[in-house]
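Here the structure comes first, spelled out in structure tokens, and everything after it is commentary.
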Amino acid sequence: MPGLTFRRNILRIFLFIFLLFAAHISFSQDLNKKITVKAKEKPLGEVIKEIGDLGQINFSYSSSLIEVDKKITLKAKNKTIKEILDELLAKYDLEYMIVENQVILKSQKKEDRQDEEMKTSETEKTKPKFTVSGYLKDHTNGEVLIGASVFAKGTNAGTTTNAYGFYSITLPESKYEMVYSFIGYKNYSQEVDLKKNQKISIEMEVSSAELKEVEIVAEGIEAKIKDNQQSEMKLSPKTLSQMPGFVGDVDVIKSLQAIPGIKTYGDGSTMFYVRGGNSDQNLLLIDEAPIYNPSHLFGFFSALAPDAIKDVQAFKGDFPANYGDRLSSVIDIKSKDGNLKKFGFAGSLGPFTSNLSLEGPIVTDRSSFFVSGRISNLFWLNYTNFYDKTLDILFYDINTKLNYKLNENNRLYLTFYTGNDDLSRITNSSVSTFGISWNNIVGSLRWNHIFNDRLFSNTTVYSSQYRYYLFVAKEHNDYWSTTISHSAMKTDLTYYLNPKNTIKTGVEFSIHFSNPGNLHFSDEEVQKNAPQIPMYTSLEYVGYISNEQELTKKISLRYGFRFPVWQNIGATTVYYFDNSGQVYDTLQVNRYSAYKTYISPEPRVNIKYSINNKSSLKASYSRTSQFMQIISNSTSPFTSLEVFVPCGPNVLPQRADQYAMGYFRQFLKHNLYFSAEAFYKRFYNQVDYKDHANMLNNPLFEGELRFGKAWSYGAEFMLRKSEGKFTGWIGYTYSRTFKLIYGVNNNESFPAFYDRPNNICMNISYNTNKRWSFSANWLFLTGGAITTPTGFYYYNGYQVPVYDKKNNDQLPDYHRLDVAVTFRINKPERHYQHNLTFTIYNAYGKENPISINFNKIMTDNGKFVVPSNLNGDYMLIPTALSVAGIIPSLTYNFKF
């Protein structure tokens, strides 16, 4: 039966081919099966097994060739198995092949990978490139989102929005999934078929689900790891609101003092010191205009109302080239634009201050306004009498902003701020009112213009003025006053050349005016005999350029150059001093005539090495210059007798070189961010004062100044958790600061009075997601350096102290705990939201001294001495003056 046998064999062959083809079809259908997989920091082997179980697929691989224990994160919703495998395995240099009914995984050969990358690179080079650009905004109010992440999924191309919410990214022609993310907001993705330049503006929604918030924050932390910037920290309104404020008032400036590397002076002060710099070496900007005295009531309150703040960015070093004019820090504050969608109001009522803000659209989605006002509620102190004298205290501030969208390529922003303090003492004498007053007035007009999809510009015109008055008699209008004003015009350009290069450049022209303090009397005869202190007028020209460049997938650079030119002009009187501070020549300068010019080039460079997608190393060098300084020989935080003096023939520009390096790491599983930075900083042409310097109302006060150098070094550590029910950070700083001033302390080095080696800061918040939230802030600092007498002697019947070295001693260590409890009155879905906040400043009543008075001890030999150890257990201890004990407060907050 050969024919039958042949037919059976043919049938078997066809049956085998059919079964093989059917199996292939069946298996192909399995690869096209859609599944949902979600894994966070799981081993690769477990993820592969889960995919196999869901898709009923058998995987085969060698654990010796594939890192099955490697932790990975994967999120795929309703995608085919093929799409998931292509995305997952390509990310970890793996590939797969189908053999019979199995998926075999193997490691991609290095040569194949390099060939594939070269082919892709060559293909991308030949493809035309197009740009996606636009704005990212908040869906509910239209506020732009600063620092939001934008990237093309599956590529290394990404960018962030600038200070105006604008982004631009250039890619080869292809189809992309563009992903937009920002901390606290839902991720948004959009498919883009990039065949031409496209403008895509997104309104992002606030995240409500806790899980989504965690995922979004993880991406935000990863963006921070990948960013070149170091020595910087951002504080959002949400973070600020969670921190205990002084007497219930959220305080922007004092919140900065809880950041590692930024040290507070002490209780009731907005003065702070950054990486060895003095308090006048910090630049505070509000919508790009400087504020010279950001304090109310001598510093118990900051001059910026919390309701007006949208974003705070603090630079401790590694300054981008567009920032300058200060040596130690830049605090860049952006105010709210105003709600483009609907009207609203918010405010607070407390025993110390009241706040109210209004916002809303002028033309929906086109223009809006924001108005915020704050006033002190300290009228109850007016009735506190001390020896028949009444104290009158009043301060207020007003912040307004208008923004108008002219068209898709042009926008205008107008900002105005004013703040005023008035403290008076009223007596029953003929001249009944004495007091002090100071005020800030700031205004800025900004114009955003988009030239094309890659070129963005911002032009700003601003003016800032600060005045201080010391009233001898308000009724007679007799006072001493000092003034500084600063007006400027500048243009900044950002050119998004390609995903690997972002170029920034700009120019600025400024006019500075300073009155270093003059007396004014209503009586003309008295005025004629008052000394006249020469005033200052200066011009400043600045140009800068920088480029942020990605060299490889792991290495990126940011390099730039800032070129400021400072010029002093008349009319004024210039005194020239010799090394001993004696006048040897005088020059009368005519109006607009230049008499001194300084040029101070400032190179900046930063390098980042990405160890992996979770950690990176960064290093930077920056040169900074400062042409305007505060002249005040008082270290008290409660004085506003500050004189602003520019550099000139007798005062050289201050300069600083800062070197910094750091390690940055994210821990996605616990939503943690860790940073460790070390720095070394060298200061030149530092200003100090001779012993017993006469600074007030002295035309020759520049002869009282002494100059030298300083240096600082230290290390800063921080561990931060940004989202979830439990948030906050803990930081530690060790740093030292020394000065060497010629003509002071026998020309020997000494610690600066703000040299406080150890600094611990802890800020924690807990939100129950119901009605209660809790927060606490604890600070510890080594006591500040002070000069103490080493003995006493008698002269003509008077006891005279004997001093040896400058800053030879220290105040006791400073530490303070602030706590706050907030109870939300309304249900979450209500439009009208209100709560009660109970705060305790200095919760355990630590008396932190700001000065020491010494009890003199008479020895058995009849000599007067003082204790040498301020913290010792001697019978007689120096008496200390502290500022604040326990201060409780209850504040009612509301928002609609």
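The values are calculated or read from the model by the stated rules, or taken from the named source; none is laboratory data. Only a predicted model underlies this, so the values are computations on that prediction, with no experimental measurement involved. Cβ atoms come from the backbone with ideal geometry, glycine included; neighbour counts cover every protein chain shown. For accessibility, only protein heavy atoms count, side chains too; no ligands or nucleic acids. Shrake-Rupley method; radii C 1.70, N 1.55, O 1.52, S 1.80 Å.
Using the structure shown, select from 75/721; 234/254; 336/500; 238/827; 40/310; 199/500 the pairs with a Cα to Cα distance greater than 24 angstrom.
Checking Cα-Cα distances, 336/500; 40/310 exceed 24 Å.
Considering only the other residues whose Cβ falls under 9 Å of the Cβ of residue 262, what net charge follows from Lys and Arg at +1 and Asp and Glu at -1?
Net of charged neighbours comes to +3.
Can you give the local net charge around residue 559? Use residues other than it whose beta-carbon is closer than 11 angstrom to its beta-carbon, Lys and Arg +1, Asp and Glu -1.
That sum, taken over residues with Cβ under 11 Å, equals +1.
Please compute the modelled spin-label separation between residue 578 and residue 513, points set 7 Å along Cα→Cβ, answer in nm with one decimal.
Using points 7 Å along Cα→Cβ, the separation is 3.7 nm.
Using modelled backbone amide H atoms (1.01 Å from N, in-plane), which distant-in-sequence or interchain residues come within less than 5 Å of residue 251's amide H?
Answer set, sorted by chain and number: 246.
Taking loop as defined by DSSP and a crowding limit of 14 other beta carbons within 10 Å, which GluC sites (Glu not before Pro) in segment 464-528 fit?
475
Amide H neighbours of residue 201 under 5 Å, at least 5 residues apart or on other chains, H built in the peptide plane: list them.
Correct list: 135.
Over segment 697-788, with every protein chain in place, what whole percent of the accessible area is carbon and sulfur at 1.4 Å, could you tell me?
Carbon with sulfur: 61 percent of the solvent-accessible area.
How would you order 479-487, 769-777, 162-170, 697-705 from highest to lowest mean count of nearby Cβ atoms within 10 Å?
Descending packing order for the listed peptides: 162-170, 479-487, 697-705, 769-777.
Which distance in Å, rounded to a whole number, links the C-alpha centroids of segment 505-574 and segment 799-847?
36
What is the local net charge at residue 507, summed over the other residues whose Cβ is closer than 9 Å to its Cβ (Lys, Arg +1; Asp, Glu -1)?
Overall, the nearby charge balance is -1.
Taking the solvent-accessible surface of protein heavy atoms with a 1.4 Å probe, what is the per residue accessible area of segment 692-843 in Å²?
It amounts to 48 Å² per residue over segment 692-843.
In terms of modelled amide H atoms, which long-range or inter-chain residues lie less than 5 Å from the amide H of residue 506?
493, 544
Determine the share of segment 280-327's accessible area contributed by carbon and sulfur atoms, expressed in whole percent, with a 1.4 angstrom probe.
48
From the phi angles alone, apply the Karplus equation (6.51, -1.76, 1.60; θ = phi - 60°) to segment 750-757 and give each ³J(HN,Hα) in whole Hz, x where the residue is Gly or Pro.
8, x, 5, 5, 9, 6, 10, x
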